[in-house]
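Pasting in a structure now, in structure tokens, and then I'll have a few things to ask.
The values are calculated or read from the model by the stated rules, or taken from the named source; none is laboratory data. As the structure is a prediction and not an experimental result, all values here were calculated from the model. Side chains included, ligands, DNA and RNA excluded: accessible areas come from the protein's heavy atoms. Shrake-Rupley method; radii C 1.70, N 1.55, O 1.52, S 1.80 Å.
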Amino acid sequence: TFISKSKLQNYVEAHHLIPFSERKFFDVSIDIIENIVCLCPNCHRKIHLAVDEEKINLLRPLLNKKINLLHKA
């Protein structure tokens, strides 16, 4: 969406697919690269603030791409 002034690269934000607030339900850390996706700021806000249908439409393909890696981790 824009170039970061500090790094002169596209600005992105990290998002945990399995919410970090759910870590208490896991015996292992979920703060791992397999559980993180990079999003533009608009999509990141959408995941946190949009109506459920819009969230699901954005999250489902992201999770489908990472699901095998998450199971292995």
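Kindly provide log₁₀ I(q)/I(0) values, in the same order as q = 0.24 Å⁻¹, from the Debye equation applied to equal alpha-carbon scatterers of the chain.
-1.14
From the phi angles alone, apply the Karplus equation (6.51, -1.76, 1.60; θ = phi - 60°) to the range 41-49 and give each ³J(HN,Hα) in whole Hz, x where the residue is Gly or Pro.
x, 5, 5, 4, 5, 4, 4, 8, 10
Keeping every protein chain present and rolling a 1.4 Å probe, give me the accessible area per residue for the chain in Å². If you can, show how the numbers build up before the last one.
Working: 5820 Å² over 73 residues.
Per residue, the chain has an accessible area of 80 Å².
Per DSSP helix of 4 or more residues, -39500 (n - 2.57); summed, then divided by the residues of the chain. What does that give at 222 nm, rounded to the nearest 500?
So the helix-based figure for the chain works out to -13500 deg cm²/dmol.
Also, quick follow-up: Using a 1.4 Å probe over the heavy atoms of the protein chains, calculate the carbon and sulfur portion of the accessible area of the chain as a whole percent. Display every interim value, and only then the final one.
Values: 3300 of 5820 Å².
Taking all protein chains in place, the chain shows 57 percent carbon and sulfur surface.
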